Structure formats: C-alpha cells, structure tokens
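Below is one structure; the comments refer to it alone.
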Amino acid sequence: MQTPHILIVEDELVTRNTLKSIFEAEGYIVHEANDGAEMHQILSEFDINLVIMDINLPGKNGLLLARELREQANVALMFLTGRDNEVDKILGLEIGADDYITKPFKPT
C-alpha cells in the first residue's frame with residue numbers, strides 16, 4: 001500500500017507547520033500550498049488523497065477553490081478555517097467538503 005499524500009492549503013505558516021508535523025509523525029507524506037495556484041500545481045504533480053484547506057486564502061478563497069477541486073479530482077476535502085458561522089459551514093459542505101472544522105483546534 002502506498003503512503004497517503006496530504007495537501008495542506010493554508011496561508012498561516014504556524015498552522016501549516018503544526019499540521020505538517022502532526023501528519024508526518026503519523027507517516028503521511030505532506031505537501032504544502034499557500035494559495036490556489038500552488039494547490040493546483042501540487043495536484044498536477046502528485047496523487048493527493050486528502051486536501052485540508054482554509055477558506056481565507058490570498059487570491060481565490062477556499063470555497064471557490066473547493067468548487068474547482070471537485071471539478072478536477074475525486075479527493076477527500078476537509079475545511080479547517082476560522083470562519084465559524086453556520087452559513088459558511090453549510091456552503092462548504094454543499095460544495096463538497098467531507099468535513100468542516102473550525103479554528104482554533106486542539107491537536108491531540
């Protein structure tokens with residue numbers, strides 16, 4: 001079985017590094033993107049199994065990127081974002097996210 005690849009699309013370096021450390025410690029291969037352009041580049045180069053994405057990103061926001069992602073690939077998608085209102089949660093899940101987690105989060 002191949003080692004799963006995770007793509008973290010997050011512009012906050014501290015959050016990105018925290019997630020990367022957690023998943024690498026569990027044996028996953030982790031790729032990082034600061035924005036949508038980097039996300040698309042990584043998706044074109046690697047077979048990604050899970051995308052963890054913020055909504056508040058430079059350039060296109062995560063909701064728009066999620067729509068693009070759903071048109072291009074069948075990959076698991078989880079939002080990890082500071083946007084905690086119900087409308088954003090519903091919209092994120094309707095767009096096709098498999099899960100929606102709000103910041104701050106407690107890694108365990």
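Derivation of every value follows stated rules applied to the coordinates shown; laboratory data play no part. On a predicted model such as this, the values are computed, not experimentally measured, just so you know. Because the Cβ atoms are built from the backbone with ideal geometry, glycine has one as well, and the counts that use them run over all protein chains shown.
At 222 nm, what helix-only mean residue ellipticity would the chain give, in deg cm²/dmol to the nearest 500, using -39500 (n - 2.57) for each DSSP H run of four or more? Mind dumping the intermediate values first?
Numbers: 4 runs with 44 residues, N = 108.
Taken over the chain, the calculation gives -12500 deg cm²/dmol.
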Original post:
Top mean-square fluctuation among Leu19, Leu91, Leu65, Gaussian network model of the chain, C-alpha springs under 10 Å?
Top reply: Leu91
Subject >> Distance (nanometres) between label positions extended 7 Å along Cα→Cβ at Met78 and Asp47 >> reply: 2.2 nm
Original post:
If contacts are Cα pairs under 8 angstrom and at least 6 residues apart, what is the relative contact order of the stretch 5-102 in percent?
Top reply: 26 percent
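Hey, fewest Cβ within 10 Å first, where do Leu43, Leu93, Leu69 land in order?
On the way: Leu43 20, Leu93 13, Leu69 25.
Lowest to highest Cβ neighbour count: Leu93, Leu43, Leu69.
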Original post:
With θ set to phi - 60° and the Karplus curve 6.51 cos²θ - 1.76 cosθ + 1.60, what are the ³J(HN,Hα) couplings of the stretch 36-41 in order, to the nearest whole Hz, using x for Gly and Pro?
Top reply: x, 4, 5, 4, 4, 4
**OP:** Would you mind checking which residues have amide H under 5 Å from Ala76's amide H? H placed 1.01 Å from N; only 5 or more apart, or other chain.
**Re:** Val51
Original post:
Points 7 angstrom from Cα along the Cβ direction at Asp98 and Gln2: gap in nanometres?
Top reply: 1.5 nm
**OP:** Pick out which of Asp11, Asp35, Asp84 has the largest mean-square fluctuation in a Gaussian network model of the chain, springs linking Cα atoms closer than 10 Å.
**Re:** Asp84
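Work through the residues other than His5 whose Cβ is under 14 Å from its Cβ and net out their charges, Lys, Arg +1 and Asp, Glu -1. Don't skip to the end; give the middle numbers.
Numbers: positive: Lys20; negative: Glu24, Glu26, Glu32, Glu45, Asp47.
Spelling it out: positives minus negatives among the neighbours equals -4.
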Original post:
Order of Ile101, Ile95, Ile8 from fewest to most other C-beta atoms within 10 Å?
Top reply: Ile101, Ile95, Ile8
Original post:
Which one is right for this structure if Rg/Rh (Cα atoms, Kirkwood Rh) is calculated from it: (i) 1.09; (ii) 1.02; (iii) 0.93?
Top reply: (iii)
